[in-house]
Amino acid sequence: MENREKPIGVFDSGVGGLTVFRELMNELPKERLIYFGDTARVPYGSKSKETVTKYSRQIVHFLEEQDVKAIVIACNTASAMALDEIEKEIDIPLIGVVRPGAMAAVNATKVGRIGVIGTEATISSEIYSNFIHSIKEDAKVIGKSCPLFVPLVEEGLWEDPVTEEIARRYLTELIDTGIDSLILGCTHYPLIKRTIGRVMGDEVTLVNPAYETARECRHLLEEKGLLNPNSVKLSENAYTFYVSDEADKFRHFANSILPLGILGAKKIDIERY
Ligand code: DGL
């Protein structure tokens, strides 16, 4: 198969990365996509850099075996902790969600005060803050981990008073800092964007790294001459899903996020890689 016709690999710690997958489907309708969700070992957000890097490396090896032309790390935590190291070990482009999200936030802020919400691992890595400062030295970046958002989203409580109450508890301190842009630095958060928006108010622009990543992925493939030249939009069987556990649960969640009905996901033993 010609390089340009090969699929793009996308991976996440579980189901959340489907928010990135959805944006990639939109932005790159002619590309084949392979998704891997590490449903057996989720969450990554409370694990060490060493563990997240080890897991990410195994998934990258699996995706390389599927002969992908590029890999998108849809997971914020894995982008924060593993991208730098793994990038040096492989020959194909590796795209994370942090840089595109940070750049969009810098473009969005007028007052130079940016909030970032994410898992404990992402926030304590300070990766968003470092990226933002490399573009805009004098920006003020305020991070806040919101660990309960992931289980709330996975329970389907996207529009629910409980989620709104938790959001108020987490986010009030951010409102008080006068930020005018807020990075949704976790795969799950775009699914509760409306709730977060209500709590933050209209003056705060919510930045969705998933959307920005899909755009960056298109630019990168274009630049490297790797865009699929086929002129027809692909059908649903251009998308393949793999998981490390509980394929049925994954399918159910995927069908609530993606604009197509997925029939199933293949379970693989990721520890082999
Ligand atoms: N996918 C993770 C992220 O974007 C959230 C879930 C987890 O903790 O693994 O950071």
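Please treat every number below as a calculation from the coordinates, not as lab data. Values in this document were obtained by computation on a predicted structure and should not be read as measured data. Heads up, the Cβs are rebuilt from the backbone with ideal geometry, glycines too, and the neighbour counts pull from every protein chain shown.
A simple count of charges around residue 89, restricted to other residues whose Cβ falls under 12 Å of its Cβ and scoring Lys, Arg +1 and Asp, Glu -1, yields -3. In plain terms, the C-alpha convex hull of the stretch 155-214 casts an average shadow of 4.2 nm² when viewed from every direction. When all alpha carbon pairs of the chain are counted in 5 Å bins from zero, the resulting P(r) reads 1, 6, 14, 18, 20, 17, 13, 8, 4, 1, 0 %. Mean sequence separation of contacting Cα pairs (under 8 Å, at least six apart), scaled by the length of the chain, corresponds to a relative contact order of 27 percent. For the stretch 1-110, the spherically averaged projection of the C-alpha convex hull amounts to 7.6 nm². For the chain, what does the helix formula give at 222 nm: sum of -39500 (n - 2.57) over DSSP H segments with n ≥ 4, over the residue count, nearest 500 deg cm²/dmol? Taking each H run of at least 4 residues, the total per residue is -13000 deg cm²/dmol.
The local environment of residue 113, defined by Cβ-Cβ distances under 15 Å, has a net charge of -2 under the rule Lys, Arg +1 and Asp, Glu -1. The orientation-averaged projection of the convex hull spanning the C-alpha atoms of the stretch 55-188 amounts to 9.1 square nanometres.
Extension gain for the segment residue 230 to residue 255, taken as residue separation times 0.36 nm less the Cα-Cα distance, is 6.3 nm to one decimal.
Packing-based ranking of 106-116, 255-265 yields 106-116, 255-265, ordered from highest to lowest mean Cβ neighbour count within 10 Å. For the stretch 175-273, averaging the sequence separation of C-alpha pairs within contact (under 8 Å, six or more residues apart) and dividing by the residue count gives a relative contact order of 20 percent.
Lys and Arg at +1, Asp and Glu at -1: add these up for the other residues within a Cβ distance under 10 Å of residue 99 and post the number. Counting the neighbours of residue 99, the net charge comes to -2.
In whole angstrom, how far apart do the alpha carbon centroids of the stretch 56-110 and the stretch 160-200 sit? Here the two parts' Cα centres lie 25 Å apart. About the centre of its Cα atoms, the chain shows a dipole size close to 260 debye [charges on the beta carbon of Lys, Arg (+1) and Asp, Glu (-1) only; nearest 20 debye]. Max-minus-min Cα coordinates of the stretch 125-273 on each principal axis give 47, 40, 34 Å, with the largest extent listed first.
Taking only the C-alpha atoms of the stretch 133-187, the Rg (one decimal) and the largest Cα-Cα distance, Dmax (whole number), read 13.4, 39 Å. When only Cα pairs below 8 angstrom with a gap of at least 6 residues are kept, the stretch 91-191 shows a relative contact order of 40 percent. The packing ranking, built from the mean of other Cβ atoms within 10 Å per residue, places the peptides 33-45, 140-152 in the order 33-45, 140-152, highest first. The fewest-to-most ranking of 269, 12 by surrounding Cβ atoms within 10 Å reads 269, 12.
Of the residues 53, 118, 191, the one whose Cα sits farthest toward the positive end of the charge dipole of the chain, with +1 on the Cβ of Lys and Arg and -1 on the Cβ of Asp and Glu, is 191. A simple packing score, the average count of other Cβ atoms within 10 Å per residue, orders the peptides 130-136, 97-103 as 97-103, 130-136, with the highest score first.
Put a dot 7 Å past the Cα of residue 248, heading toward its Cβ, do the same for residue 65, and the two dots end up 2.6 nm apart.
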